[in-house]
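Asks: Before anything else, here's the structure in question.
The values are calculated or read from the model by the stated rules, or taken from the named source; none is laboratory data. For clarity, every value in this text was computed on a predicted model and none was experimentally measured. In this analysis, Cβ positions are derived from the backbone assuming ideal geometry, glycine residues included, and neighbour counts consider all displayed protein chains. Quick note on the areas: whole protein, heavy atoms, side chains included, nothing else; ligands and nucleic acids left out. Shrake-Rupley method; radii C 1.70, N 1.55, O 1.52, S 1.80 Å.
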Amino acid sequence: MSIKGIDIWKCCTMIVIMLFSVVTDVVAQSVSAFDHISKDRRFSASNYCIYPDTLTIKQTPPPAGKRPFYISHYGRHGSRYLSNRKGYDIPYKALQHADSLGKLTPIGKQVKEQLEMIIADSENRWGDLTELGKQQHKGIARRMMTRFPEVFEGKAHVNAKSTVVNRCVLSMGSAILGMLAKNPKLQVTMDASMHDMSYMNYQDKELRSNMMTPQAKAAYDDYCSMREHNPRLMSLLFNDTVYVKEQVDEVWLNYYLLKTALIQQNTRMGSKIDYIDLFTYEDIHQYWQKENAWWYIMYGPSLLNGGKQPYTQRRLLKKIIEEADSCIQLRKPGVQLRFGHETIVLPLTCLLELNHFGYQTLQLEDLEEQSWWACLVFPMASNIQLIFYREDLADKEVLVKVMLNEEEATLPIRSDIAPYYKWSDVRQYYLMKIAQYEQSQKSQIAK
């Protein structure tokens with residue numbers, strides 16, 4: 001059997017771009033995730049999806065007289081290597097052991113050899129930013145300047161912060177390099193310190209401890225039970241069914257083998273690895289479904305664990321509001337950039353209830369139909385941008401537009417000029433939302 005998947009990995013990223021360009025029309029068109037995966041299997045990569053960084057997105061003109069004057073941003077690091085060796089070791093050691101006993105087919109041997117190539121390329125680069133990741137942030141920064149030139153005029157100030165993780169620091173640096181290439185006069189400050197981790201990457205111990213509750217785990221296990229086994233793949237890799245039954249952890253081998261294939265789109269190995277062709281579209285769709293459900297429970301507004309996980313980012317949201325209130329008082333406030341992780345971008349998106357991502361349900365089966373697709377929120381280099389508008393410093397009716405991955409997003413707030421919203425309405429809505437949550441927590445503790 002020949003493996004033809006290499007043609008898939010060499011496909012132009014225009015396929016991915018086209019897929020993401022129809023995101024805002026997904027619900028209306030009833031396009032399924034399977035439809036997307038059938039066009040490009042890389043779409044199934046969940047948080048390993050590459051960023052559609054050459055999109056040309058139409059912008060809604062602001063109300064007459066309003067001009068952008070300040071931008072507040074939070075973005076995920078760009079494309080990276082797998083964060084640790086475990087994801088490669090599980091499938092590789094399984095195949096290596098089988099090979100030592102003569103239990104691999106020729107295809108199994110070929111996959112083992114490709115895993116060896118991947119491991120060699122990734123060694124001592126676990127979690128590192130790739131060259132693609134650097135280019136993604138340069139592109140996002142340049143497009144930000146092109147769309148909102150008024151914010152970056154002359155010696156505009158750019159204040160950038162990052163979590164202390166290396167790939168985030170390098171993402172910040174790449175974005176700044178992209179900006180300085182367009183305007184060398186920019187006044188830039190950069191920082192990456194534990195001082196800011198209390199809101200840049202806040203870990204709420206109480207909420208974190210209640211991510212996978214017994215109810216959530218039971219529902220997730222039931223959801224996954226019909227989406228885990230892949231006997232067809234086992235027959236392609238191994239020549240002994242008894243050995244597979246007795247010695248191979250089929251579920252984890254299937255999972256990690258596909259996972260390791262999908263993340264290669266972020267590295268230089270993407271054009272050299274072709275074993276993804278061993279998986280059918282149905283196999284890959286099921287992987288996507290399990291990943292999507294997991295992210296919904298762990299970081300989304302799932303009712304299976306109380307629907308409160310997005311509040312892990314309440315400190316960040318309060319900080320964004322506080323800094324915006326302060327910057328609005330300035331004649332030329334410039335830009336505030338923050339660089340972190342998908343585990344922040346996803347719950348923050350849900351806390352903001354951008355588009356339909358505040359959707360709450362007990363039924364994991366409903367997620368795909370309702371277009372709650374985490375992969376649309378947090379591809380590598382994903383970002384949330386708040387663009388502020390006014391006529392001049394004396395204008396007290398400041399407007400804000402929120403963009404998710406550079407596409408205009410809707411907020412759960414009434415506005416006759418959406419996607420533009422009155423900042424006074426926006427800040428009041430979210431501060432009240434956070435206050436109500438914090439008050440409910442105090443009441444529970446008091447009981």
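Asks: For residues in the stretch 115-126 being assigned to a helix (DSSP H, G or I) and under 27 Å from the mean Cα position of the chain (by Cα), which is nearest to Phe238 (Cα to Cα)? Break it down stepwise before answering.
Replies: As a first pass, look at the stretch 115-126 and keep what is assigned to a helix (DSSP H, G or I): 115-122.
Now drop any that are not under 27 Å from the mean Cα position of the chain (by Cα), which leaves 115, 117-122.
On the way: Leu115: 16, Met117: 20, Ile118: 21, Ile119: 21, Ala120: 24, Asp121: 26, Ser122: 26 Å.
This residue is Leu115.
Asks: Can you go through Glu368, Glu408, Glu353 and tell me which one is in contact with a helix residue (DSSP H, G or I) (Cβ under 6 Å, 6 or more places away or on another chain) and charged (D, E, K, R)?
Replies: On the way: Glu408 fails: in contact with a helix residue (DSSP H, G or I) (Cβ under 6 Å, 6 or more places away or on another chain); Glu353 fails: in contact with a helix residue (DSSP H, G or I) (Cβ under 6 Å, 6 or more places away or on another chain).
Residue meeting the stated conditions: Glu368.
Asks: Let me ask you something else. I want to confirm something. Restricting to the stretch 327-360 and keeping residues that are more than 30 Å from Asp392 (Cα to Cα) and surrounded by fewer than 17 Cβ atoms within 10 Å (Cβ to Cβ), which single residue is modelled with the highest pLDDT?
Replies: Gln360
Asks: Next question, about the same structure. I need the full set of residues from the stretch 383-398 which are basic (Lys, Arg) and assigned to a loop (DSSP other than H, G, I, E, B), in order please. Steps first, answer last, please.
Replies: Let us first name the residues in the stretch 383-398 that are basic (Lys, Arg), namely 390, 396.
Scanning the stretch 383-398 gives a single hit, Lys396.
Asks: Find the residue count for the stretch 388-447, including only residues that are touching an Asp or Glu at 6+ places or on another chain (Cβ under 6 Å) and under 22 Å from Met145 (Cα atoms). Step through it out loud before you land on a result.
Replies: Let us first name the residues in the stretch 388-447 that are touching an Asp or Glu at 6+ places or on another chain (Cβ under 6 Å), namely 412-413, 419.
Cutting the leftovers down to under 22 Å from Met145 (Cα atoms) gives us 419.
The number of residues fulfilling the criteria is 1.
Asks: When the residues of the stretch 40-96 are narrowed to those that are β-branched (Val, Ile, Thr) and either open to solvent by 40 Å² or more (accessible area, probe 1.4 Å) or part of a loop (DSSP other than H, G, I, E, B) (or both), which ends up farthest from Asn254 (Cα to Cα)?
Replies: Result: Thr60.
Asks: Taking the stated definitions as given, is Glu206 within 22 Å of Val345 (Cα to Cα), out of contact with any strand residue (DSSP E or B) (no Cβ under 9 Å at 6 or more places or on another chain), among the acidic types (Asp, Glu) and open to solvent by 10 Å² or more (accessible area, probe 1.4 Å)?
Replies: On the way: within 22 Å of Val345 (Cα to Cα): yes; out of contact with any strand residue (DSSP E or B) (no Cβ under 9 Å at 6 or more places or on another chain): yes; among the acidic types (Asp, Glu): yes; open to solvent by 10 Å² or more (accessible area, probe 1.4 Å): yes.
So Glu206 passes the test.
Asks: Still on this model: Between Gln265, Gln309, which is in contact with a Lys or Arg (Cβ under 6 Å, 6 or more places away or on another chain), closer than 30 Å to Ser225 by Cα and buried (at least 16 other Cβ atoms within 10 Å of the Cβ)? First the steps, then the outcome.
Replies: Working: Gln309 fails: in contact with a Lys or Arg (Cβ under 6 Å, 6 or more places away or on another chain).
On inspection, the qualifying residue turns out to be Gln265.
Asks: Right, here's the next one. Check Lys401, Lys332 and return the single one that is of a type in the set (D, E, K, R), over 17 Å from the mean Cα position of the chain (by Cα) and assigned to a strand (DSSP E or B).
Replies: Result: Lys401 is the single residue among Lys401, Lys332 that is of a type in the set (D, E, K, R), over 17 Å from the mean Cα position of the chain (by Cα) and assigned to a strand (DSSP E or B).
Asks: Ok, one more. Against the condition closer than 25 Å to Gln313 by Cβ and among the small types (Gly, Ala, Ser), how does Ala156 come out, does it pass? Step through it out loud before you land on a result.
Replies: Values: closer than 25 Å to Gln313 by Cβ: no; among the small types (Gly, Ala, Ser): yes.
Criteria not met by Ala156.
Asks: Which residues, counting only those in the stretch 364-389, are over 29 Å from Tyr223 (Cβ atoms) and open to solvent by 10 Å² or more (accessible area, probe 1.4 Å)?
Replies: Leu386
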